[in-house]
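Trainee: Sending over a structure as structure tokens; questions will come in a sec.
The values are calculated or read from the model by the stated rules, or taken from the named source; none is laboratory data. Only a predicted model underlies this, so the values are computations on that prediction, with no experimental measurement involved. Neighbour counts run over all protein chains shown; Cβ positions are idealised from the backbone, glycine included. Ligands, DNA and RNA are stripped out before the accessible areas are found, and what is left, the full protein with its side chains, is counted by its heavy atoms. Shrake-Rupley method; radii C 1.70, N 1.55, O 1.52, S 1.80 Å.
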Amino acid sequence: MATQQEPLILYHYPFSPYARRLIWYLKLRNIPYYQCLQPPILPRPDLSSHLSLNYRRIPLLAHGGDLYLDTRLILNLLDTLFPPAPLTAEQKTIEQLLSVLTTSTNLFFKAAELLPSSLPVMKDPKFLKDRSTFFPAGGEKKTPEERGLSRAEALLEVQNSVRLLEETILSDGREWVLGGEGPTRSDVEGVWVIHWLLTLPKPHSDNAVDPAIINKERYPRTIAWVNRFDQFVGVLEGREGKVVKGPEAAEMVLKGKRGGDIGVDEADPVVKVQGLKKGDVVEVFPTDSGSAFRDRGRLVGMGEREVVWENEKGVRVHAPRLGFRVVGVKGKASL
Ligand SMILES: N[C@@H](CCC(=O)N[C@@H](CS)C(=O)NCC(=O)O)C(=O)O
């Protein structure tokens with residue numbers, strides 16, 4: 001692993017709810033970072049041309065010459081580089097289960113389905129075309145009735161996650177998920193999807209989430225917690241990362257110190273079934289969304305938590321194992 005002193009560069013665009021997970025956490029922990037702002041739709045030459053990356057999802061975090069994909073892996077990296085106060089086993093369980101609830105289920109896709117057509121971006125043909133192949137069901141043509149039913153079911157799923165919080169972790173009236181004086185990673189893990197929908201500007205938030213279904217009379221603790229969190233992070237001024245342009249960011253990454261030497265675990269089931277070895281050419285891509293955007297490189301490391309490869313520009317790319325496929329490219333061994 002590169003050293004903690006290597007710069008962190010966050011590639012993102014501000015209205016990405018996934019990116020907010022990281023920005024809030026960086027600010028809560030007062031971790032210094034740079035930010036390289038990206039357009040909300042493709043192309044993103046700062047990544048595709050400058051760093052030879054095909055992966056299309058936002059956000060990404062560079063740490064020296066290592067590029068980390070996916071907020072699940074990135075939050076774990078930040079906790080390795082900047083260890084937080086130790087948690088009890090019970091607290092860690094809450095944090096991890098909230099992460100699973102919001103990042104490893106279909107909750108985000110359901111919430112995205114609730115984005116109302118009143119939002120300007122949802123009227124932008126370029127945005128709609130760009131996203132039509134991003135979501136798993138993006139290409140499906142639906143009648144207005146089918147769309148209405150599907151949105152109703154999506155609302156039910158979001159409501160279910162709100163009720164879960166109301167009836168479990170927040171049920172004793174605590175201010176923050178782990179108790180204590182302020183929010184922690186556990187709050188970030190739990191809040192971001194519902195915060196996204198409820199803080200859309202009016203009237204879009206009411207169009208997204210029917211106020212007759214999700215409101216402070218029905219879910220007083222959860223709604224108060226979302227508002228409390230929003231206010232807390234809203235005043236963490238002066239902690240914004242310095243903005244760097246793509247070419248400057250790329251130079252920092254390409255000259256950055258590289259880590260990622262975790263070795264290839266021969267006992268790993270995916271390594272074993274394909275007979276993968278260090279240096280083999282692999283293709284890696286996410287299986288839940290944006291799966292058409294695939295990267296190739298030489299395998300550097302593979303273990304139960306992450307896969308690491310080096311691409312043609314020498315960037316060490318890290319992806320989590322869950323939700324990503326690693327396929328050996330035998331016979332066609334050039335990058
Ligand atoms: N599992 C990924 C999901 C990231 C994701 O879906 N991000 C959305 C933005 S919120 C995205 O990339 N949308 C398509 C795009 O921006 O090109 C993570 O945790 O980082």
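Trainee: Kindly indicate which of Trp192, Trp176, Trp196 is more than 14 Å from the ligand (Cβ to nearest atom), among the aromatic types (Phe, Trp, Tyr), modelled with pLDDT of 95 or more and assigned by TED's automatic domain parsing to the domain that holds Thr93.
Mentor: Within the list Trp192, Trp176, Trp196, the selection yields Trp176.
Trainee: Out of Leu299, Leu335, I need the residue that is of a type in the set (A, V, I, L, M, F, W, C), more than 16 Å from the ligand (Cβ to nearest atom), under 26 Å from Glu251 (Cα atoms) and open to solvent by 30 Å² or more (accessible area, probe 1.4 Å). Which one?
Mentor: Result of the check over Leu299, Leu335: Leu335.
Trainee: Of the residues Val326, Val308, only one is buried (at least 16 other Cβ atoms within 10 Å of the Cβ), within 26 Å of Thr102 (Cβ to Cβ) and touching a Gly at 6+ places or on another chain (Cβ under 7 Å); which?
Mentor: Matching residue, one of Val326, Val308: Val308.
Trainee: Let me ask something additional. Is there a residue being open to solvent by 50 Å² or more (accessible area, probe 1.4 Å) and either in contact with a Pro (Cβ under 9 Å, 6 or more places away or on another chain) or more than 11 Å from the ligand (Cβ to nearest atom) (or both) anywhere in segment 58-78?
Mentor: Taking every residue of segment 58-78 in turn, at least one turns out to be open to solvent by 50 Å² or more (accessible area, probe 1.4 Å) and either in contact with a Pro (Cβ under 9 Å, 6 or more places away or on another chain) or more than 11 Å from the ligand (Cβ to nearest atom) (or both).
Trainee: A follow-up question, please. Of all residues in segment 118-137, how many are within 14 Å of the ligand (Cβ to nearest atom) and either in the same structural domain as Ser16 (by TED's automatic domain parsing) or open to solvent by 90 Å² or more (accessible area, probe 1.4 Å) (or both)?
Mentor: Final tally of qualifying residues: 4.
Trainee: Give segment 103-117 a look and list any residue that's surrounded by fewer than 16 Cβ atoms within 10 Å (Cβ to Cβ), under 23 Å from Asp288 (Cα atoms) and hydroxyl-bearing (Ser, Thr, Tyr), or say none.
Mentor: Ser104, Thr105
Trainee: Take Pro43 and decide whether it is open to solvent by 60 Å² or more (accessible area, probe 1.4 Å), away from the ligand (no atom under 11 Å from the Cβ), assigned by TED's automatic domain parsing to the domain that holds Gly263 and modelled with pLDDT of 95 or more.
Mentor: In short, no.
Trainee: Oh, and also: Of all the residues that make up segment 247-296, how many are within 16 Å of the ligand (Cβ to nearest atom) and open to solvent by 80 Å² or more (accessible area, probe 1.4 Å)?
Mentor: Within segment 247-296, residues that are within 16 Å of the ligand (Cβ to nearest atom) and open to solvent by 80 Å² or more (accessible area, probe 1.4 Å) number 2.
Trainee: Taking the condition buried (at least 18 other Cβ atoms within 10 Å of the Cβ), over 24 Å from Pro32 (Cβ atoms) and either among the aliphatic types (A, V, I, L, M) or not assigned by TED's automatic domain parsing to the domain that holds Arg29 (or both), does Ala319 pass?
Mentor: Spelling it out, Ala319 is indeed buried (at least 18 other Cβ atoms within 10 Å of the Cβ), over 24 Å from Pro32 (Cβ atoms) and either among the aliphatic types (A, V, I, L, M) or not assigned by TED's automatic domain parsing to the domain that holds Arg29 (or both).
Trainee: Applying the selection to segment 219-247, what residues are closer than 25 Å to Ala319 by Cβ and either part of a helix (DSSP H, G or I) or β-branched (Val, Ile, Thr) (or both)?
Mentor: Result: Val244, Gly246, Pro247.
Trainee: Is segment 82-102 home to any residue that is within 10 Å of the ligand (Cβ to nearest atom), crowded, with 18+ Cβ neighbours inside 10 Å, not charged (D, E, K, R) and not assigned by TED's automatic domain parsing to the domain that holds Glu248?
Mentor: yes
Trainee: May I pose another question? Of all residues in segment 205-221, which are open to solvent by less than 60 Å² (accessible area, probe 1.4 Å) and among the small types (Gly, Ala, Ser)?
Mentor: Ser205, Ala208
Trainee: Quick test of your reading of the structure: Asp187 fulfils all but one of (1) open to solvent by 40 Å² or more (accessible area, probe 1.4 Å); (2) of a type in the set (D, E, K, R); (3) part of a helix (DSSP H, G or I). Name the failing condition by number.
Mentor: (1)
Trainee: Just to be sure, is Ser49 surrounded by fewer than 21 Cβ atoms within 10 Å (Cβ to Cβ) and either within 13 Å of the ligand (Cβ to nearest atom) or of a type in the set (Val, Ile, Thr) (or both)?
Mentor: no
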